[in-house]
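One structure is given below, encoded as structure tokens.
The values are calculated or read from the model by the stated rules, or taken from the named source; none is laboratory data. Note that the structure is predicted; figures quoted are calculated from it, not measured. A quick note on method: Cβ atoms are made from the backbone with ideal geometry, for glycine too, and the neighbour counts reach across all protein chains shown.
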Amino acid sequence: MKLSDVITNPVRMKIMQFLQGNTAATTKQISEAIPDVPAPTLYRHINYLLKEEVLIVKEERKVRGSLERLLAFNENKWTGETSSDISDAAYQFLMAIYGSFQKYSEKGNSDPVGDMLMLRTCMLTLTDESFENFLKEYRDLLAKYSKQEEGGKNRSISIISAPVIEDGKK
């Protein structure tokens, strides 16, 4: 499997985004968080992600006679990829975001300020340990706001840790 195969599917992307923000969850919790995806479709994509080892089973427990799995995002699957795979995945990821902006712009009555759209880049100079702490706090923040609010709007938030090229070095 190529990373781009996962990223370009909107259902799998929603599942991964939810798990990145929540660290771990059951299939039922994922289904409740993504109510616009029919349960059979969601289960099929979760099974695909498990088969491809993008997700892992962190824990299994018996609940009223059935087996409940606690699923988590497999960070090792992404960090072990080759540079050509990661560049392809980045391209697919960015093109999916670009496509969303393009469709939004074509609506004709778009209001980027009113819809609180933004494009921002900031440079952080951190040790690996500080960056790990930053990412943990970011996941915690996403988890805090990941519950759907009545009357709320779907909002897509993306974060990219991109390479910085300095003086011809990586």
Q. Are there any pairs with C-beta distances below 9 angstrom linking a residue in region 107-134 that is closer than 29 Å to Gly152 by Cα to a residue that is of a type in the set (S, T, N, Q) and part of a helix (DSSP H, G or I), with the two at least 6 apart or on different chains, and if so which?
A. Pro112/Ser105
Q | Given (1) at pLDDT below 90; (2) part of a loop (DSSP other than H, G, I, E, B), number of the condition Phe18 does not satisfy | A | (2)
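Residues checked against (1) modelled with pLDDT under 80; (2) closer than 25 Å to Asn9 by Cα:
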| residue | (1), (2) |
| --- | --- |
| Glu52 | no, yes |
| Ile56 | no, yes |
| Arg61 | no, no |
| Phe73 | no, yes |
| Lys77 | yes, yes |
| Ser87 | yes, yes |
| Leu117 | no, yes |
| Tyr138 | no, yes |
Q) Quick one: is Glu81 at pLDDT below 80 and not in a helix (DSSP H, G or I)? A) yes
Q) Would a scan of region 54-62 turn up a residue that is surrounded by 17 or more Cβ atoms within 10 Å (Cβ to Cβ), more than 13 Å from the chain's Cα centre (by Cα) and within 25 Å of Ile160 (Cβ to Cβ)? A) yes
